[in-house]
Every structure is written in C-alpha cells, then in structure tokens.
Amino acid sequence: MGHGVRNRPCGGRYGDIVEAIGHTPLIELKRLSPKPGVRIWAKLESRNPTGSVKDRVARSLILDAEDKGLIRPGQTLLEPTSGNTGIALAMIAARKGYKLKVVMPDNVTPERSDLLRMYGAEIVYSEGAKGSNGAVELALDMAAKDPSYYMPYQYGNQANPDAHYNGTALEILEELDEVSAFVAGLGTGGTLMGNGRRLKEELGDKVKIVAAEPMQGEPVQGLRSLDDGFIPPIIDLSILDRKIFVTNRDAILWTRRLLDEEQLFAGVSTGAIARVALRIAGELDEGNVVFIVADDGTKYFSSGIYTRPIDEIANLDSTVWW
C-alpha cells in the first residue's frame, strides 16, 4: 500500500458541497527527495472547496455546535481569523443560513477580504501589527459585550483537532502503511494536535510529529510563534516531537521552490512547512515524510511572490503586503 498509483475518478460523489470537504490527494514530490529511500508526500488540502485545510475545521466547528444546540438559523457567528477559517466558515454559514462576522488583521492580502465578502461575511478589522493575536483579543472583547454572538473559537474548541483526528489522519493512514514524520505549521494547533494524536495512536513512536514555527517576531502568514505570548488552549505540546523555527524568507523562497520545481501552487505557510519537511527528510535514510499543503496561492496573488524574480521577493518586507 502507498507504493502504487491509485486513481479515484472524480474524487467521489456528494450531495452537497459541504459533504465534499476532505478526501484530498496525497502527492509524492519526487524532485525534492534528498535520497532514494526517502519519499516526500504533500497532502493537498488546497483541493478543498474554498482552497484550504480550514474547510475541515469550519465544518467540524459548525456541526459540533449544531449537535450541541448552541446555534440556530439566522444567528450571527463571530470568529477571529487570519483569513482561511473565516472564508471556510463563510461558505458553510451561507449554505446553512447563519450570518458571520469575522475579526481579521487589517494588513492581510486583499484577496482574503474579497473572498469573505463574496460569501457574505461582515469583516471587522483589527490592528495589523498585532497579527492574529490582535484579532483574537478584539473578537473575545466583542463576544463578551454581546452574548447574542456565537463564537466557535477555533483556538480553544476541541472540534478543531477532531476534524483532523477523524478525517485528515485517517486519509493518510489509508494511503501509507508507514509514516516516519508528519509536518504541519503551528497556527491554531488543530492540524498538529488532531493528526499527531491519531498517528501516534496508530503508529506509536515510529512517527515523529514536527511543527514548523516562525521565529519570534517573524510574520509568516497563517502561522504563529508561541513566544509571541498566546498559546491556543487546544495545543498540547507533549504531542510534538520537535519544533523547528522558520523565517518569513524561508517561507517565501520555499513557496517558490514548490512552484518552480514541483509545479505545486501553494500559499506561504506551506513554503515554511515544506522547508521543515525537507530538513526532516534529509535526516532520514528511508521512510515517508508527509506534510500539509495548507492552502493554495490564490489568496496571495497581490503579494507578487509567484511572478517577481527570486532575488527581489526574498528581500520583500512582508509587513507591506500581508
């Protein structure tokens, strides 16, 4: 299992776009492998309906709230986001008859705001210099002042990692008998916690769970440094075997490397994740390294990182275009 090519026509048949979330391809990146015995696999979460891994999380958050009777049709959901979770929530809320208000840093790329409005969400901007921490702070304050909001709160809701425990990790295990390392970005922590817990239960210490974490003060879009002062409540650091620091420059250069060498069109956090995955792969003699392609590049077009010369984008000041 995992060594041949399996063609699954059309990816399945579903009665609704929300049901089509997940079931994403696992693609081998042969050109990036550092040695013959090491295989690098990209889990293409960019193939979800709104283009990101957060579709899984948004569906899980809303279904969990519905099951518990916490929300009703017409109610307004409120959520802090750097973009992807908000976009995914907006799509699903529109399908299910909920209103959505998101709190988002004011320095994100304009594509994110456009997509949110396209799905009908209302945007409240937080101070960009504070990043996602500022969005969380403002959203919590708004929720405290107005109890009519329901805040799924991806940072502290167990439904976030459960989306991966019951979904993403199982899909990986269906395709690969052995996983030496699983690599994802440190953001809300849901992807690492859910996949890590399931993979550890199934494979034990044979699998290493590795986080790509920005260095303190480095504004890698979609990721967070725990040293910046906010540790999401769902994060259990004991699940992680390693944390490897990355810079924004790493993220940009490896985003381009994925595009130029493997024709994989991915967002910037995936560049950071790929950088760490390749480092882990270089330390192995054999085995499978799986990393998450968190989103595609459509939300980053205006940054210019896909078309400008490499030497030019490597020196961009990310605060100008995030």
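Summary table below
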quantity: Residue among Leu203, Asn133, Leu70 farthest towards the positive dipole end of the chain, charges placed on Cβ; calculated: Leu70
quantity: Residue-span extension gain [Glu175 to Thr307] - 0.36 nm each, minus C-alpha spacing; calculated: 44.1 nm
quantity: Antiparallel DSSP beta bridges within the chain, percent to nearest 5; calculated: 10
quantity: Theoretical ellipticity at 222 nm over the chain - DSSP helices of four or more residues, -39500 (n - 2.57) apiece, nearest 500; calculated: -11000 deg cm²/dmol
quantity: Restraint check, Lys54/Lys243; Lys206/Lys299; Lys30/Lys208, Cα-Cα greater than 28 Å; calculated: Lys206/Lys299
quantity: Modelled FRET efficiency - R0 25 Å, Asp146 with Ile231, Cβ distances, 0.05 increments; calculated: 0.45
quantity: Cα centroid separation, the range 158-207 to the range 263-285 (Å); calculated: 17
quantity: Among Gly12, Phe265, Ser148 - extreme Cα towards positive end, dipole of the chain, charges at beta-carbon; calculated: Gly12
quantity: Packing rank of 97-105, 31-39, where each peptide gets the mean count of other beta carbons within 10 Å, highest leading; calculated: 97-105, 31-39
quantity: Computed magnitude of the charge dipole of the range 54-145 (debye, nearest 20; Cβ of K, R +1, Cβ of D, E -1); calculated: 320
quantity: Sparse-neighbour loop sites [GluC sites (Glu not before Pro); the range 169-259; at most 14 other C-beta within 10 Å; DSSP]; calculated: Glu178
quantity: Asp285, Asp295 arranged by Cβ crowding within 10 Å, fewest neighbours leading; calculated: Asp285, Asp295
quantity: The range 262-317: GluC sites (Glu not before Pro) in DSSP coil with no more than 14 other Cβ atoms inside 10 Å; calculated: Glu286
quantity: The chain, dipole about Cα centre (Lys/Arg Cβ +1, Asp/Glu Cβ -1), debye to the nearest 20; calculated: 480
quantity: Formal net charge of residues neighbouring Val207 (Cβ-Cβ distance under 9 Å; K, R +1; D, E -1); calculated: -1
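Rule-based calculations on the coordinates, nothing more; no lab input. Every value quoted in this text rests on a predicted model; they were computed, and no experiment measured them. Using ideal geometry, Cβ is built from the backbone for each residue, glycine included, and neighbour counts are taken over all protein chains shown.
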